[in-house]
Each structure stands twice: as structure tokens, then as C-alpha cells.
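Here's the structure, in C-alpha cells; my notes come after.
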Amino acid sequence: MSNNGFKKQIKEIATASTLSQGELDALRQTLDKQDTRQTPKEKIWLSGFAFGAIVSLILGIVFFNHKSSPDLAQQIANEVVANHIKLKPMEIQSNDFTTVKKYFDLLDFAPVHSKQFSLETKTLLGGRYCSIKTAPAAQLRYRDAQGKLYTLYQTGYDSSLFSEILQLKNEESIISRYAKGMEVTIWLEQGLLIAGVSET
Amino acid sequence: MINFTEAQLNQLYQYALVLCDQPADAYDLLQTSLEQYLPKRAQVDDPMAYVRRTIRNRWIDTHRKEVIRENYENSPPDIAESTLENIVIQQDLLKKIWQQLGSEERELLYYWAVLECSVTEISQELGIPRGTLLSRLHRMRKRIEEQSNPLAGGVL
């Protein structure tokens with residue numbers, strides 16, 4: 001073997017792994033999203049404006065003595081959309097639901113095939129552990145025939161965490177919220193709180 | 001959009017993977033490093049080198065104890081810079097050995113083979129004394145030799 005052989009061999013090994021298309025897309029989204037950040041000068045102006053706005057808001061709240069209740073559904077929507085956009089690598093990759101379900105054996109519930117979430121034309125890609133409002137959750141990723149990605153979050157319904165979602169008294173109710181231009185649907189099914197988000 | 005080509009993102013990911021050895025960790029490391037780079041992009045001349053340094057610093061932050069131990073465990077012996085160039089080894093075996101090398105050893109090989117840096121350049125880039133790098137090269141060559149042919153104590 002020539003002297004260059006060892007260097008070439010190392011190069012081959014060190015550059016063998018590449019990012020998946022999903023990971024590349026997620027990184028580009030991160031870069032795109034952050035690209036709209038302001039320059040320091042703009043920041044000073046905007047900080048001043050933001051400060052003024054905050055003071056006005058506080059005064060407004062004090063003046064009207066209005067207490068607004070947090071929209072838990074919106075908070076969940078914000079959280080799952082942020083996760084969906086990040087597109088973190090899946091910890092288990094399989095098209096087989098049973099295989100993926102088995103992977104989540106550390107959860108105190110079992111992920112389910114949702115009846116509300118139509119599986120027509122969708123292929124399960126895999127999943128990873130995550131959380132919704134600090135409750136451990138399963139994140140399942142699907143892709144449809146057009147290549148559109150869907151993420152389904154499932155967590156055990158914990159009344160101490162989720163009882164504020166009053167609309168979810170029964171399993172027929174579905175709440176819909178928007179975050180960052182994406183629709184998030186939240187519903188109760190088989191004792192689980194499920195949130196679904198898809199690319200628009 | 002900040003201009004990182006697909007090839008550049010892959011190169012940064014590969015560097016993170018050299019340090020972490022776990023694809024998921026490498027991806028997270030790259031993503032957080034890119035996020036750290038963005039607010040400072042206006043002041044950065046060489047984004048690739050900057051993100052690489054950020055990846056390294058973040059990785060060291062989480063592995064500080066191991067890095068310090070590895071840096072100071074041996075004093076540099078008297079060896080030549082060309083110590084790696086005449087290693088001859090089968091690719092399959094090298095792949096196995098690669099997994100067993102420490103992160104800093106893989107990083108050194110990455111700079112040498114992928115970025116094609118000399119030991120002096122690596123020393124400047126990583127802020128590690130040249131003697132320490134040569135020492136590391138020496139240990140690495142010895143390890144590769146031992147693992148590639150434990151009975152003969154030499155390379156194939």
C-alpha cells in the first residue's frame with residue numbers, strides 16, 4: 001500500500017456518515033428561522049420598542065385588572081410544533097408499529113394506533129422519546145405518499161397536568177390550534193392525550 | 001438563509017461525529033453550534049472554522065475531565081511528524097480500530113486526513129502544543145500497530 005493509502009483510508013471512514021435529508025432540512029430550517037435575526041443596531045431600536053410595549057402591556061393589565069388564563073392547548077401546540085420543526089433523529093426506525101411500540105417500554109403507557117389519525121397513505125418511519133409539558137411522551141413520525149411529514153405525540157392523560165383542557169372531557173372532542181403556521185390537533189383517545197402536527 | 005452548502009453541513013456533522021461517536025449526539029452538537037454561530041455571523045470571517053471550533057468547545061465543556069486526563073497523561077517522546085504516513089492496514093480492521101480510538105485521536109486523524117492539515121497547523125487550530133500532538137500521534141501509531149497485529153507487534 002502506498003504512503004497515501006492510510007490517509008485515504010481514514011478519510012473514507014471519517015466521511016462515511018452523512019446527514020439524512022430530514023436532518024438537512026431541519027438544519028436549514030434552523031438557519032432560515034435564525035436568519036431573520038436583527039443586527040445590533042436594529043436590536044437596540046427593537047429592544048426600546050419592546051420595552052415600551054411591555055410597560056404599556058403591564059399598565060394595561062393593571063388598569064383593567066384583567067386576569068387572563070393561560071391556554072394550555074396553545075402551549076402544547078407551541079411545544080409540539082417546536083419539536084416537529086427540530087426534527088431530531090429518530091431513536092427507533094421501523095415501519096412496523098409493534099416494533100416501534102416495543103421500543104417505548106420505559107413509558108408507563110403503551111402508544112396506540114389512533115383512530116382519529118388516519119393511516120391511509122401514511123407510512124410509519126419510527127419514533128423517539130420526548131415529553132409534553134414535562135410528561136414523558138412517545139413521538140411517532142409518519143410520511144405520506146407525497147412526502148409530507150406528520151408527527152404524533154402520545155402521552156398518558158394526567159389530570160393534574162392536562163385538566164385545564166376543559167374541552168377534552170370526552171373522546172369525541174378535538175381541539176385545534178395553530179403555531180408557526182402549522183395546525184396542531186389535540187384529542188383524548190384510549191386514556192392518552194394525543195397531539196398531531198403536520199407540515200403545511 | 002445563511003450559506004452553508006449540503007457538503008459543508010455534512011463536513012461539520014462528520015467532525016461532530018468524530019468527537020461524539022454517536023450520530024444523535026453529533027447532530028445535536030451541530031445544531032446547537034449552528035445556533036450559537038448565528039448571532040455572531042456578522043463578525044465571523046471563516047464560518048466553517050468558527051462552527052468547528054464551537055463544536056469542539058461545546059464538546060470539551062461536556063467532556064472536560066476526560067480531555068484533561070488525556071492531554072496530560074504522558075509526556076511527549078521523540079518522534080517524527082511522518083509517523084502515520086507509512087502505516088499499512090486493512091480497511092475492515094481500521095474501521096474496527098477507529099471505533100476504539102479516543103475522540104481526540106479521531107479528531108487528530110480527521111484534521112490530518114480530511115482537512116489535510118500538518119501537525120503545526122493542527123496545533124494552531126486546536127490550541128494544543130505541537131509536542132503533545134506528536135506524542136499523541138506516537139501513542140496512536142503504537143496502538144494501531146498493536147491492534148492490527150498483536151502477535152507481531154507491528155503493522156501488516
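The values are calculated or read from the model by the stated rules, or taken from the named source; none is laboratory data. Every value quoted in this text rests on a predicted model; they were computed, and no experiment measured them. In this analysis, Cβ positions are derived from the backbone assuming ideal geometry, glycine residues included, and neighbour counts consider all displayed protein chains.
A few notes on this one:
- Members of region B:1-16 found to be part of a helix (DSSP H, G or I), surrounded by fewer than 16 Cβ atoms within 10 Å (Cβ to Cβ) and more than 7 Å from every other protein chain (Cβ to nearest Cβ), listed by number: B:ALA7, B:GLN8
- When region B:4-22 is filtered for residues that are under 22 Å from B:ASP61 (Cα atoms) and at pLDDT below 90, the ones remaining, listed by number, are B:CYS20, B:ASP21, B:GLN22.
- Single residue of region B:12-46 satisfying the filter (charged (D, E, K, R) and closer than 28 Å to B:GLN100 by Cα) that is farthest from the chain's Cα centre (by Cα): B:ASP28
- Residue in region B:47-54 that is part of a helix (DSSP H, G or I), over 13 Å from B:GLU125 (Cβ atoms), modelled with pLDDT under 90 and within 20 Å of the chain's Cα centre (by Cα) present: no
- Number of the exception - A:TYR142 against (1) assigned to a loop (DSSP other than H, G, I, E, B); (2) within 18 Å of the chain's Cα centre (by Cα): (1)
- Number of residues in region B:105-142 that are within 14 Å of chain A (Cβ to nearest Cβ) and in a helix (DSSP H, G or I): the value is 14.
- Hey, B:ASP25 of a type in the set (Asp, Glu), in contact with a helix residue (DSSP H, G or I) (Cβ under 9 Å, 6 or more places away or on another chain) and more than 10 Å from every other protein chain (Cβ to nearest Cβ) or not: no
- Set B:LEU19, B:LEU38: member being within 9 Å of chain A (Cβ to nearest Cβ) and part of a helix (DSSP H, G or I): B:LEU38
- Of all residues in region B:84-101, those being surrounded by fewer than 17 Cβ atoms within 10 Å (Cβ to Cβ) and either touching a strand residue (DSSP E or B) at 6+ places or on another chain (Cβ under 9 Å) or not in a helix (DSSP H, G or I) (or both) number 4.
- Failed condition for A:THR121, given (1) surrounded by fewer than 21 Cβ atoms within 10 Å (Cβ to Cβ); (2) over 16 Å from A:GLU79 (Cβ atoms); (3) touching a helix residue (DSSP H, G or I) at 6+ places or on another chain (Cβ under 6 Å): (3)
- Tally, over region A:134-158, of residues that are surrounded by fewer than 15 Cβ atoms within 10 Å (Cβ to Cβ) and in contact with a Phe, Trp or Tyr (Cβ under 8 Å, 6 or more places away or on another chain): 0
- Elements of the type helices (runs of 4 or more DSSP H) sitting completely within region A:1-119 and holding at least 2 residues that are modelled with pLDDT of 80 or more and within 14 Å of another protein chain (Cβ to nearest Cβ): these cover A:3-14, A:21-35, A:72-86.
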